[in-house]
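Read-outs throughout are calculated quantities, based only on the coordinates presented, and are distinct from any laboratory measurement. Keep in mind it's a predicted model, so treat the numbers as computed, not measured. Cβ placement follows ideal geometry from the backbone for every residue including glycine, while neighbour counts extend to all protein chains displayed.
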């Protein structure tokens with residue numbers, strides 16, 4: 001019995017050791033300026049991260065594509081080091097801060113460290129330090145690409161008026177603004193349990209009786225929401241289009257109520273998705289087929305003309321960026337600059 005148990009333990013240890021050794025084997029070696037292995041473990045980690053993001057296993061051809069991306073990045077970084085192109089810690093911090101600002105806009109406040117770290121993990125599948133390391137590598141590659149292919153990258157030309165008009169005529173049936181309202185809202189959140197909901201209903205009823213149908217009283221009650229422990233929230237609800245997407249967010253009763261009202265009117269008490277609500281319509285917009293100089297999205301100053309021009313410019317910039325990247329990759333891969341070990345890629 002003891003010998004059998006010892007044999008099982010030894011077999012298990014051998015299997016673990018063999019797996020570790022396999023992970024340390026090279027999937028490829030990059031050698032533009034120095035010999036730098038890409039281990040099977042490093043490739044597996046990236047493949048597994050992508051599989052988690054896509055929700056499916058990558059096939060052998062797709063794994064090789066992932067390896068190609070890693071090889072290209074390593075080649076570019078070695079070339080950047082050779083040419084003394086670097087990225088400072090401040091440049092990385094600026095990019096991180098931009099991401100924090102985007103999350104702050106989504107939350108309506110500055111995110112906590114825990115919230116930001118979780119957002120990074122949700123989007124990238126990495127912890128913050130790993131994400132910073134990847135970001136630094138990407139910034140180095142971008143900076144090197146710009147230094148070598150600046151003339152190509154800057155060759156994209158702005159679209160002409162004729163090109164903008166042609167694009168508008170091609171897609172004009174899609175430039176439609178749905179019937180839209182802008183509203184202010186007072187909301188009493190339901191709370192986590194039945195008792196909290198009953199208490200919220202009592203407060204909502206009291207506020208509704210105080211307001212009645214008087215727009216001025218609505219504004220007075222809304223301003224008191226800032227008081228400590230008011231029990232309710234209030235503010236500008238923004239622009240609400242009449243479409244299925246908006247209805248799925250705010251609920252059918254909310255949509256039907258909002259679009260039955262005129263500017264300045266105060267609603268009945270609405271039993272919404274997140275709480276009891278009272279709204280006041282501040283702006284009404286009919287459905288409209290947009291012309292070139294109409295605002296493409298309410299709340300912004302961007303016209304249809306500007307929107308089309310930017311979209312065309314983005315397409316051209318992406319095209320020249322792809323061309324520049326491919327040229328650089330071809331140059332870096334020329335000669336004996338890397339080696340792939342196909343025998344180590346089957347797992």
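Mean residue ellipticity, 222 nm, helices only, the chain: the sum of -39500 (n - 2.57) across DSSP H runs of n ≥ 4, divided by residue count and rounded to 500, is -19500 deg cm²/dmol.
Over the chain, all Cα pairs binned in 10 Å intervals from 0 give whole-percent P(r) values of 4, 15, 19, 20, 17, 14, 9, 3, 0, listed from short to long.
Highest first, please rank the peptides 25-38, 328-341 by the mean number of other Cβ atoms sitting within 10 Å of their residues.
So the peptides 25-38, 328-341, ranked by packing, come out 25-38, 328-341.
Can you give the angle from 0 to 90° between the axis of helix 113-124 and the longest principal axis of the chain, with both taken from C-alpha atoms, to the nearest 10? Once rounded, one gets 60 degrees.
Inter-label distance, residue 219 to residue 102: 3.8 nm, where each label sits 7 Å from its Cα along the C-beta direction. Packing-based ranking of 252-264, 164-176, 271-283 yields 271-283, 252-264, 164-176, ordered from highest to lowest mean Cβ neighbour count within 10 Å. Could you state the angle between the C-alpha long axis of helix 161-171 and the longest principal axis of the C-alpha atoms of the chain, as a value from 0 to 90 degrees rounded to the nearest 10? Roughly 80 degrees, rounded to the nearest 10.
Between residue 39 and residue 58, the modelled labels are 1.8 nm apart [label points 7 Å from Cα along Cα→Cβ].
Diffusion coefficient of the stretch 24-154 by Stokes-Einstein, Kirkwood radius over Cα pairs, 25 °C, 0.890 mPa s: 147 µm²/s. Taken over the alpha carbons of the stretch 165-303 as equal point scatterers, the Debye sum produces base-10 log I(q)/I(0) values at 0.20 Å⁻¹ of -1.16. Computed over the stretch 179-258, the range of Cα coordinates on each principal axis works out to 35, 32, 21 Å, biggest value leading.
Between 0 and 90 degrees, the angle of helix 40-54 with respect to the longest Cα principal axis of the chain falls at about 20 degrees.
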